[in-house]
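Structure provided below as structure tokens; questions to follow.
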Amino acid sequence: MANYKNLCMKYMDEHGIKYLDHAENIIKVTYTGTNLRSITVVVFFSDNGSPDVSFKCWDICTFPEDKRINGIIVCNQLNTHYRWVQFSLDKDGDIAVSSDSYVDEYNCGAICCAFVQRTVNIVDEAYQTIMKALWS
């Protein structure tokens, strides 16, 4: 059975991509965006060795309780525009972005890096729309 986390880290090392080996089945990749200073994507590898990988991004923005409806509305708008990730508002009013992928031992690194980069690009692009909803 392949160790998908190790395959991904090996690919990132070979391509000069910096990451943080965070926990047994987790790595973090942080980029600087144009609109958002720091965008961290957390990559979760299955703990049972299955080839499914989850990508999560938090710390985008928090909607105060009196503006949570704006957060829900903007998440719905963004979900109709972006098909690769899902925007949601958690119970604390934080915007979260997530996606999932299936990998194999031959494409794991490339797929994971593509999903991380796509997530970063979408979050950075959507940030202005999120801020407009927060301050409206």
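The values are calculated or read from the model by the stated rules, or taken from the named source; none is laboratory data. Remember, predicted model here, so these are calculated numbers, not experimental data. FYI the Cβ positions are ideal-geometry reconstructions off the backbone, even for glycines, and counts take in every protein chain you see. Heavy atoms of the whole protein, side chains included, go into the accessibility calculation; ligands, DNA and RNA do not. Shrake-Rupley method; radii C 1.70, N 1.55, O 1.52, S 1.80 Å.
Using the Cα centre of the stretch 45-136 as the reference point, and only Cβ charges (+1 on K/R, -1 on D/E), how large is the resulting charge dipole? Debye, rounded to the nearest 20.
400
Roughly to the nearest percent, how much of the accessible area of the stretch 1-91 is carbon and sulfur, given a 1.4 Å probe?
Result for the stretch 1-91: 48 percent of the exposed heavy-atom area is carbon or sulfur.
Using just the helices of the chain, give the 222 nm mean residue ellipticity in deg cm²/dmol: DSSP H runs with n ≥ 4 each add -39,500 (n - 2.57), and the total is spread over all residues, rounded to 500.
Estimated from H runs of four or more residues: -13000 deg cm²/dmol.
Another one. For the stretch 24-73 and the stretch 80-126, write down the distance between their C-alpha centroids in whole Å.
8
Let me ask another. THR129 to LYS10: FRET efficiency via 1/(1 + (r/R0)^6), r the Cβ-Cβ distance, R0 30 Å, to the nearest 0.05?
My answer for the efficiency is 0.25.
What number, in percent, do you get for the relative contact order of the chain if the mean sequence gap of Cα pairs under 8 Å and at least 6 apart is divided by its residue count?
Relative CO of the chain lands at 27 percent.
Separation between the TRP58 and ARG37 pseudo-spin-labels, each 7 Å from Cα along Cα→Cβ, expressed in nm?
Between TRP58 and ARG37, the simple spin-label model gives 2.0 nm.
Which whole-number value in Å² is the accessible area per residue of the chain, probe 1.4 Å?
Roughly 59 Å² per residue, with all protein chains present.
Distance in nm between label sites at HIS22 and ASN3, each 7 Å beyond Cα in the beta-carbon direction?
In this crude label model, HIS22 to ASN3 measures out at 2.0 nm.
Of the listed values (1) -0.28, -0.34, -0.79, -1.25; (2) -0.28, -0.34, -0.85, -1.44; (3) -0.24, -0.30, -0.78, -1.41, identify the label whose number matches log10 I(q)/I(0) by the Debye sum over Cα atoms at q = 0.09, 0.10, 0.16, 0.22 Å⁻¹ calculated from this model.
The value computed from this structure is option (1).
Hey, another quick one. Taking 21 Å as the cut-off for C-alpha to C-alpha distance, list the pairs among LYS28/LYS91; LYS5/LYS28; LYS18/LYS56 that go past it.
Result: LYS28/LYS91 exceed 21 Å.
Here's another thing I want to ask about it. Largest first and in whole Å, give the semi-axes of the stretch 91-136's equivalent ellipsoid, each being the square root of 5 times a Cα gyration tensor eigenvalue.
Value: 29, 12, 5 Å, ordered largest first.
Using 7 Å Cα-to-Cβ label points, what is the ASP47/ASP104 separation (nm, one decimal)?
Calculated label separation equals 2.8 nm.
What does the charge count around ILE60 come to, taking other residues whose C-beta lies under 13 Å from its C-beta (Lys +1, Arg +1, Asp -1, Glu -1)?
Around ILE60, the surrounding residues sum to -4.
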